[in-house]
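Q: So that we are looking at the same thing, I have put the structure below in structure tokens.
The values are calculated or read from the model by the stated rules, or taken from the named source; none is laboratory data. Remember, predicted model here, so these are calculated numbers, not experimental data. Here the Cβ is made from the backbone with ideal geometry for all residues, glycine too, and neighbour counts use every protein chain on show. Protein only, heavy atoms only, side chains kept; ligands, DNA and RNA dropped before computing areas. Shrake-Rupley method; radii C 1.70, N 1.55, O 1.52, S 1.80 Å.
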Amino acid sequence: MKRLRFALLGALAALLSTGVPASAITYGQPDDGEHPYVGFMIFFDPNAAGWFSCSGTLLSSTVFLTAGHCTFDIGNDGEAVDSSGGTDVWVTFEATEVLEGFPPRNPADPYPARAAWLEANSDYTRGTAFPSPHYDNFADFPMNFDVGVVVLDDDAPVSSFGELAPIGTAEQLAKQAKSRNTALIESVGYGIQSIQPKPMDVETRYKSTSRIVAVNGRASKEGNLHTLNNPSPIGGTGGSCFGDSGGPLFVNNTNDVVAVVSYGFSATCHGADYSWRVDTQGSYDFILPFLD
């Protein structure tokens, strides 16, 4: 999840000991229209009195797949509600500069001006957020169940969609490769493209490839897919960072979603990325009823 520049990073620092929710594609390149069903979402959390952003994948005209921590504790007209069912969330599928003209933060009352701007912006569609009922804000780390859905109020202006990868796809990818280090997946999302050596932060849809490191490692065995975030000639072109949370990990060169970006341990978005798998029966049981 990308803590926008107009929000403080205190909550992010509190998560460093277990993992930082991620947010944007590192390195990589502009998506250039390849994944029009990958969108940018922005939401208001009244408990943190702040606005935050994530990425996600449209699975149908109204069902937007993202991370659990991107759908948890979202407000309703600026007020706190239960952890599920918040409506202070908006989604757009514009490809670039999706926050151009967004009002500056008002520390005394951060909600009204920005909510009004989003409501008046025809590029954005409001929705209702539902985290997995098993998601509990990383309380049972690494068994996080970090998957969520936003049901849009109106049909998205998109004619193609992502699809859930068949159950067990991650294992199949690792098994078919000569080694797991040659099993590539593709990440797509919005946000920070690099922190070091030169920061780059544009709210634009980017894509990159990464290699699968483990599907049954110490941190990945409970449902997280471990991928690499160090570009190399054989290891892919990048990974995820602050702003890509909830964004898809596709089977490379397909629209099949294997996982959604969840967290990483590096404050500079290097090393390892972890994404919650959606190619499992547990994730299917949560997501499919929304599609029905």
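Q: What distance in nm separates the two pseudo spin-label positions at Gln281 and Ala108, each 7 Å out from Cα along the beta-carbon direction?
A: 5.7
Q: Taking the simple approach of a point 7 Å from Cα along Cα-to-Cβ for both Ala80 and Ala49, what is their distance in nm?
A: According to this spin-label approximation, the distance is 1.3 nm.
Q: Okay, moving on. Ratio of segment 77-187's C-alpha Rg to 2.2 N^0.38 Å, to two decimals? List each step's numbers first, then the result.
A: On the way: Rg = 18.7 Å, N = 111, 2.2 N^0.38 = 13.2 Å.
In units of the globular-protein estimate, segment 77-187 measures up at 1.42.
Q: Give me the Kirkwood hydrodynamic radius of segment 32-79 in Å, from all C-alpha pairs, to one decimal place?
A: Every distinct Cα pair counted, the radius reaches 11.8 Å.
Q: Above 18 Å lies some portion of the pair distances; for segment 88-136, what is it as a whole percent of all C-alpha pairs?
A: 42
Q: Quick one: which of 98-107, 275-284 comes out on top by average Cβ neighbours within 10 Å, and what's the full order, highest first? Display every interim value, and only then the final one.
A: Numbers: 98-107: 13.4, 275-284: 22.5.
The peptides rank, most packed first, as 275-284, 98-107.
Q: Ok, one more. I'm checking a number: the convex hull volume of the Cα atoms of segment 16-148, normalised per residue, in Å³. What is it?
A: 133
Q: Compute the accessible area per residue over segment 118-160, keeping the other protein chains in place, probe 1.4 Å, unit Å².
A: Dividing the accessible area of segment 118-160 by its residue count gives 48 Å².
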